[in-house]
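Written out below as structure tokens is the structure these notes cover.
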Amino acid sequence: METILNMQNPHWDNKLYSDLFSRSALQSLIKKLRLKEIHILLGVRRAGKSTLFQLLINHLMQTEDSKSILYLNLDDPIYHDVWHNAKELYTVVALAEKITGIKPKYLFLDEAQNVKAWERFVKSTYDSKLFKKIFVTGSNSSLLHGNHAKLLSGRYITDYIYPLSFKEILTNTGISTYLELINNKPQTMQLMEDMLFYGAFPRIFAIKNTELKREVLLSYYETIVLKDCIFNNNIRETKLMRDLAIYMLTNSGTLYSYNNVAKIFTSNENTIKEFIHVFVNAFLINEIKNFSYSLKTQTKSKKKAFCIDNGLVQVVSVKFSENKGKLFENLIYAELKKSNFQEIYFFNDPKECDFIVKKDDKLIAIQACFTIDTLNRTREITGLKTVMQKFNIDKGIIITFNQEEVIDKHIIITPFWKIFFNLDFR
């Protein structure tokens, strides 16, 4: 255990973590250091939560003794005894203090969902002020469901961490201003193409070989489905869950009801609903609803599901790569989510609008269209106008891969690279 603790805490030797991706969430985390509440980071596996911990540790080392910072990667099998008994964490903390000779002030618990009753340990140490600050990550939103949330009520704050946004990818490539973006347009377009087909997980972005990208993406997908979905939820119908996961990803952006999907798999509606919610809790997919001011109508209507990363969609289906339109729609959903649009809907009754988002209490209608041409132009604009009139929406945007046009004072066509660099949806 001493060896593992030393390996997981190289900062004890005053070594800064290096070769890290810059993340826009860092400054927000730094500002929240002054808050006493437990800080929980949630997000899909491999999105970069551990990297944010390392960036935060680098920051703390500017003013704090590096030996007062304890990081535990609870995904490591060395913590097998801890997984089954959270009280063993006290033993680990005591051992860290013995090694460093300094009582830990900052505790970082990575992948806490592996530890049964982790929340009891965290609550106890928080209430007794054992640490100045406690940080927790998890790859499952159920980390804060039920008894977990009840026990920690009023004691924690939460941030959601996603794979790299388009703007973060540009920043990590050395493009940080609009002028640099324009001057490096070919590179920008290539980065967009890579995001479209391989997503934006930090590790995947760093890999240049396409076959290796697919191999690593497949390992991510398998780990999410096997560990975060099947194992962590004690699922017995493993084949059904595996098949359903592939179905949901390859049908990203397609209307469905639990009943219709149940018929496809010769299963029952409750099982399908439960399994889809498992995928949502593991951040594999997100469900969005048909927009209506009536919650009852929203609940009864068919839904759509999108994946937070195009790479996961691609790796389970070769055919999907042929449909750039569907991939582009999923990519735009992911970027909207990363841009802090927490309320994202679609509209389909009878004209279709891909997304309706809420910003500053105002609704914005959005169409995702890889290329505007004579075949789809009328359909895309009519869909926008219909939903804008129905819900009194002032702004309509058609996001394309690389086309730009002003339709009128209420509707514009804008390229992906421009709107997600400026993040200007006004």
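All of the numbers you see were taken from the coordinates with simple rules; none came from a lab. Just so it is clear, the structure is predicted and the values come from calculations on it, not from any experiment. Cβ coordinates were reconstructed from backbone atoms using ideal geometry, including for glycine residues, and neighbour counts include every protein chain displayed.
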Per-residue ³J(HN,Hα) for the range 382-389, Karplus 6.51 cos²θ - 1.76 cosθ + 1.60, θ = phi - 60°, Hz, x for Gly and Pro: 5, x, 5, 4, 4, 6, 5, 5
Spin-label pair Ala94/Asp394, simplified geometry with 7 Å Cα→Cβ offset, distance in nm: 6.3
Leading residue at positive end of dipole, the chain (Cβ point charges), from Tyr220, Leu384, Thr210: Leu384
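Once fully extended, how much extra length lies between Arg379 and Lys362, figured as 0.36 nm per residue of separation less the alpha-carbon to alpha-carbon distance?
On the way: separation 17, 0.36 × 17 = 6.12 nm, distance 2.41 nm.
Length gained, Arg379 through Lys362: 3.7 nm.
What ranking of Leu55, Leu164, Leu331 emerges when the number of other C-beta atoms within 10 Å of each C-beta is taken as an exposure proxy, fewest first?
On the way: Leu55 20, Leu164 25, Leu331 29.
Neighbour counts put them in this order, fewest first: Leu55, Leu164, Leu331.
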Backbone HN-Hα couplings from phi across the range 225-232 [Karplus 6.51/-1.76/1.60, Hz, Gly and Pro as x]: 5, 6, 8, 7, 9, 6, 5, 5
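Can you put Met241, Met189 in order, fewest other beta carbons within 10 Å first? Let's see the in-between values first.
On the way: Met241 20, Met189 15.
Ascending Cβ contact count within 10 Å gives the list Met189, Met241.
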Whole-Å semi-axes of the range 2-160's equivalent ellipsoid (Cα gyration tensor): 21, 19, 16
Out-of-range pairs (alpha-carbon distance over 30 Å; input Lys31/Lys362; Lys185/Lys326; Lys31/Lys185; Lys302/Lys337): Lys31/Lys185
Proximal charge balance of Ile204 [Cβ under 12 Å; K/R count +1, D/E count -1]: +2
Residue among Pro104, Asn234, Phe291 farthest towards the positive dipole end of the chain, charges placed on Cβ: Phe291
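So what's the net charge close to Ser142: Lys and Arg +1, Asp and Glu -1, counting the other residues with Cβ under 15 Å from its Cβ?
Values: positive: Arg45, Lys116, Lys150, Lys227; negative: Glu111, Glu119, Asp228, Glu274.
Counting the neighbours of Ser142, the net charge comes to 0.
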Rounded to the nearest 20 debye, dipole of the range 2-160 from Cβ charges on Lys, Arg, Asp, Glu: 640
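Residues with beta-carbon under 11 Å from that of Lys273, excluding Lys273: net charge, scoring Lys, Arg +1 and Asp, Glu -1? Walk me through the numbers before you get to the answer.
Details: positive: Lys303; negative: Glu269, Glu274, Glu287.
Local charge sum for Lys273: -2.
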Residues whose placed amide H lies under 5 Å from that of Asn402, excluding near-sequence neighbours: Phe416
Distance between modelled label sites at Asn14 and Asn184, nm, 7 Å Cα→Cβ extension: 3.5
Relative contact order %, the chain, counting alpha carbon pairs below 8 Å whose residues are six or more apart: 13
Dipole of the range 283-334 [Lys/Arg +1, Asp/Glu -1 at C-beta], most positive-end residue of Val316, Phe328, Ala305: Ala305
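With the contact rule set at Cα under 8 Å and sequence spacing of 6 or more, what percent relative contact order holds for the range 56-117?
Numbers: 61 pairs, mean separation 30.5, N = 62.
Averaging sequence separation for qualifying contacts and normalising by length gives 49 percent for the range 56-117.
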Ser28 versus Thr266: modelled label distance in nm, points set 7 Å from Cα along the beta carbon direction: 4.6
The range 84-143 versus the range 8-46: alpha-carbon centroid distance in Å: 16
Cross-link reach list, aspartates and glutamates versus Lys103, counting only Cα pairs under 20 Å and skipping chain neighbours closer than eight places: Glu2, Asp13, Glu37, Glu64, Asp65, Glu88, Asp127
Which of Arg155, Arg34, Arg45 has the fewest Cβ neighbours within 10 Å, and the rest in rising order: Arg34, Arg155, Arg45
Gained length - Asp424 relative to Glu274, 0.36 nm times residue gap less alpha-carbon distance: 50.3 nm
Segment Lys302-Asp76, length gained on full extension (0.36 nm per residue, minus Cα span): 77.3 nm
